[in-house]
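> This structure is in structure tokens; I'll ask about it shortly.
The values are calculated or read from the model by the stated rules, or taken from the named source; none is laboratory data. These figures come from a predicted structure and were not determined experimentally. Using ideal geometry, Cβ is built from the backbone for each residue, glycine included, and neighbour counts are taken over all protein chains shown. Just the protein is used for accessible areas: all its heavy atoms, side chains included, with ligands, DNA and RNA removed. Shrake-Rupley method; radii C 1.70, N 1.55, O 1.52, S 1.80 Å.
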Amino acid sequence: MSQVVVSPTTRHEGHSKLVLEVDDSGIVTQGNYLSITPVRGFEKFITGKPMEFAPVASSRFCGICPITHSTASVECIERALGIIPPKDGLVIRQLANMGNKLHSHPLHQLLILPDFVKDPNASLAATVRIQKMRKIGQGIVDITGGEAIHAPNFRIGGMQKNMSEAAKRKIIEMLNQYEPIMKEHVDFMVNTLKGNTEVPKKLGVHDRELMATDLNYGNSDLFETEYFYRFSEITPKSYYPGDIGMEACTSVPMIGGRTVEGGPRARMMRFKSFGAKDCGDFDPRGAMAINIARAMEIPIALARARELIQQLDTTKETLKKPPESGGDGKTLGVGANEAPRGVNVHTAKVKDGKITYYNCLVATTWNIPTIGKATEGQHYKWAEYVVRAYDPCVSCATH
Ligand code: NFU
């Protein structure tokens, strides 16, 4: 028996580490994956500030998926205050989330290309497609959110502005441009992943519950009724063996006393009957299934974006301003959003327009301890493949 440490793990956002107990053949007998990204203390410094500060600040958790944080933040505060935004505000908000996914999912494929595509010409062609797709995805967030990163249009009560008819037509055109590039790219990725003959077929299989609230956007009611009442959280020190937890920078959230997996595979299994038929010879419970599910989610996000832009009435109000001194300080508002990487939950209490409590359970925070478990039973040389399948965003997780 010996220990293998991979630090830092590579080709994902943020800083993290694998600490693996391995047997004499190099098979992982106990896998630990942990964040070593320093905590910035967002929840603490949001508390006590005017409620409008929460979405602005929490968007800064991360530059890849700021839209999910703006969304979960405004939604948890709206639910604490009992505000329902106008329909067209919600349409633009959802569209911004689809735009973010249309950039974030292809970005993940850029990060795994070196693992699966050995031909430099094929790799270059894929890179060009990915960057074109990301540019369009971010362009949609730019129009809907007011900026591609840290979008200022997100407001408690809806979206600050509707868009012009010309902007609506522009988005329709951008989605049309996205489609052929995406079709070629998703076919390429899915075939490449399914056709891989090196990765063990059962890599990354684990027995943890999958957590998903919606195929596209998120469902806070479902999160509350199905998951939240079973939620608990422990310190890394009490979760990880030995001294490992002393270094780990995220808490360990659980459902029913166990860690969970959120993200593409969880969503696709629950809402799209994703399974063995989609995974070639790979086990649908494993790491390659997550990579395949993520690729398959891209056309689903495109289709949803098309529905949303057709639904948008550009002449209607998008914002219902909240009362400046709203909030009883007692109601816990829950905002659960399906971030690219899993369920992103913000919770808040508001009193007289100020945040009195703020807490975030971010997509990768849920996934981190499960990633460690998922490395077990295979040679340690595959452990980083497991990590990358989850596309961890460790700054998000650590905030
Ligand atoms: Fe973020 Ni950078 C995503 N996807 C993570 N993890 C937010 O939830």
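> Could you please tell me which pairs satisfy a Cβ distance under 8 Å, a separation of 6+ or placement on different chains, a first residue in the range 165-187 that is closer than 11 Å to Leu302 by Cβ and at pLDDT 95 or above, and a second residue that is assigned to a helix (DSSP H, G or I) and open to solvent by 30 Å² or more (accessible area, probe 1.4 Å)?
Leu175/Arg306; Ile181/Lys132; Met182/Pro299; Lys183/Pro299; Val186/Met296; Val186/Pro299
> Please find, within the range 287-317, the residue that is nearest to Val387 (Cα to Cα) out of those that are in a helix (DSSP H, G or I) and among the charged types (D, E, K, R).
Per the stated criteria, the residue is Arg294.
> From the list Ala303, Ala336, exactly one residue is within 13 Å of the ligand (Cβ to nearest atom) and either surrounded by fewer than 24 Cβ atoms within 10 Å (Cβ to Cβ) or in contact (Cβ under 8 Å) with a residue 24 or more places away in the chain (or both). Which is it? Don't jump to the end; show me each part of the working.
Numbers: Ala303 fails: within 13 Å of the ligand (Cβ to nearest atom).
Going through Ala303, Ala336 in turn, just one is within 13 Å of the ligand (Cβ to nearest atom) and either surrounded by fewer than 24 Cβ atoms within 10 Å (Cβ to Cβ) or in contact (Cβ under 8 Å) with a residue 24 or more places away in the chain (or both): Ala336.
> Could you check the range 95-142 and list, in sequence order, the residues that are free of Cβ contacts under 8 Å to residues at least 40 places away in the same chain and not in a helix (DSSP H, G or I)?
Lys118, Asp119
> Another one. What number of residues within the range 59-93 are open to solvent by 10 Å² or more (accessible area, probe 1.4 Å) and within 16 Å of the ligand (Cβ to nearest atom)?
Residues in the range 59-93 being open to solvent by 10 Å² or more (accessible area, probe 1.4 Å) and within 16 Å of the ligand (Cβ to nearest atom): 4 in total.
> Continuing with the same structure: Which numbered condition in (1) polar (S, T, N, Q); (2) over 23 Å from Leu102 (Cβ atoms); (3) within 13 Å of the ligand (Cβ to nearest atom) is the only one that Ser395 fails?
So the condition that Ser395 fails would be (2).
> On the basis of being surrounded by fewer than 20 Cβ atoms within 10 Å (Cβ to Cβ) and within 16 Å of the ligand (Cβ to nearest atom), does Leu102 make the cut?
For Leu102, the condition - surrounded by fewer than 20 Cβ atoms within 10 Å (Cβ to Cβ) and within 16 Å of the ligand (Cβ to nearest atom) - is not met.
> What is the number of the single condition among (1) in contact with a Leu (Cβ under 6 Å, 6 or more places away or on another chain); (2) more than 19 Å from Cys396 (Cβ to Cβ) that Pro85 does not meet?
For Pro85, the failing item is (1).
> Looking only at residues that are within 12 Å of the chain's Cα centre (by Cα) and more than 8 Å from the ligand (Cβ to nearest atom) in the range 359-381, which one is surrounded by the most Cβ atoms within 10 Å (Cβ to Cβ)?
Applying the filter and picking the extreme gives Trp366.
> Considering (1) touching a residue at least 24 places away in the same chain (Cβ under 8 Å); (2) more than 16 Å from the ligand (Cβ to nearest atom), say which one Lys330 fails and leave the rest.
(1)
> Tell me which residues, restricted to the range 208-239, are open to solvent by less than 40 Å² (accessible area, probe 1.4 Å) and more than 21 Å from Tyr390 (Cβ to Cβ).
Those that are open to solvent by less than 40 Å² (accessible area, probe 1.4 Å) and more than 21 Å from Tyr390 (Cβ to Cβ): Ser220, Leu222.
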